[in-house]
Amino acid sequence: MSEITVVTHNGNFHADDVFSIAVLKHVLPTFKLVRTRDKALIESADFVIDVGGEYDPETNRFDHHQRGGAGERENGIPFSSFGLVWKKYGLALCDDNQAVADRVDSGLVSTIDAIDCGHVEGVSKGISLSQTISMFNPTWEEESNFDTCFDEAVEFAARMLIRFIASAHGSVNAKAIVAKAIENAEDARVIVLEKYTPWKKTVHILSSDALYMVYPSHSGQWILQTVPVEPGSFEDRKPLPKAWSGLSDQAFVDETGIDDAVFCHNGLFIAGTKSFESTMKLATMALSE
């Protein structure tokens, strides 16, 4: 069986071609990568990425530079080579979980596509992942080989891709767990999680009644946390009692009368004890304020 050949353009590289090759590293058992603009090599390749002026997933052609581009999403974000490759292989990489694949697309793929296609006006603040990938290119003062730098960028992107998929899996699974906890709550104002699970988005979507979350921390304590008025807000639906602010250890025990009370943050958004039962007592006291 002949070796699979994958072609992408040579010279400066960007996040879209780098992440496209990263996807193929997870899809294909092995392949020969050729970075070139030679038309004969492009025509003879098994896969062509971000070069060649053709989009045809059946023949593994994934370019978007042709006149008219290669289509766009329903939200108007056009596809770059990464989006086109993801459209074909993303679902399989996410264990056929469409919700996970969609989350990776919205959180990673579509952003890189938008930047590469000039659909957004750069980055509002900080450094983007697309800029990070671009920094793997050698500067004008360096003698580094573009192909070597490209390989380094692909290794980085391949690892990042797996982490994005894992994060998306975690978010999708967390949504189901938190939804079940809301459904099973004895008091709709206090939602109990058996282990820490990302909860804010799901709680705000599904429960307007929830005021506090109760869950075990990695340190072994049980935590009582307020629900903010909206994700990212520093304003809470119901802050913890003002008398608890900044107390810890014996001072917090004396104030609450709970023997294993540990602390309450100055911001009145989180407090903890050493047991589930005691944290539920804190919740009851906070509700009564």
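The values are calculated or read from the model by the stated rules, or taken from the named source; none is laboratory data. The model shown is predicted, which means the values in this text are computed figures rather than measured ones. Cβ placement follows ideal geometry from the backbone for every residue including glycine, while neighbour counts extend to all protein chains displayed. Accessible surface areas use protein heavy atoms only, side chains included; no ligands, DNA or RNA. Shrake-Rupley method; radii C 1.70, N 1.55, O 1.52, S 1.80 Å.
Here is how the numbers come out for the structure above:
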{"quantity": "Lone unmet requirement of (1) closer than 17 Å to residue 133 by Cα; (2) hydroxyl-bearing (Ser, Thr, Tyr); (3) open to solvent by 10 Å² or more (accessible area, probe 1.4 Å) for residue 30", "calculated": "(1)"}
{"quantity": "Close pairs from the stretch 186-209: first under 20 Å from residue 233 (Cβ atoms), partner acidic (Asp, Glu), Cβ under 6 Å, at least 6 apart", "calculated": "189/209"}
{"quantity": "Any hit, the stretch 68-85, residues being in a helix (DSSP H, G or I) and open to solvent by 50 Å² or more (accessible area, probe 1.4 Å)", "calculated": "no"}
{"quantity": "Criterion violated by residue 140 - all others in (1) touching a residue at least 12 places away in the same chain (Cβ under 8 Å); (2) out of contact with any strand residue (DSSP E or B) (no Cβ under 8 Å at 6 or more places or on another chain); (3) among the aromatic types (Phe, Trp, Tyr) satisfied", "calculated": "(1)"}
{"quantity": "Every pair of residues 6+ apart whose Cβ atoms lie under 8 Å, when the first sits in the stretch 50-65 and is on the phi < 0 side of the Ramachandran plot while the second is crowded, with 20+ Cβ neighbours inside 10 Å and among the polar types (S, T, N, Q)", "calculated": "51/8; 62/20; 62/81; 63/81; 64/80; 64/81"}
{"quantity": "Helices (runs of 4 or more DSSP H) within the stretch 95-177 that include 1 or more residues in contact with a Gly (Cβ under 7 Å, 6 or more places away or on another chain)", "calculated": "98-104, 110-116"}
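Every residue, every condition in (1) of a type in the set (Lys, Arg); (2) open to solvent by less than 40 Å² (accessible area, probe 1.4 Å); (3) closer than 30 Å to residue 14 by Cα, yes or no:
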site	(1), (2), (3)
150	no, yes, yes
165	no, yes, yes
180	yes, no, no
192	no, no, no
200	yes, no, no
203	no, yes, no
225	no, yes, no
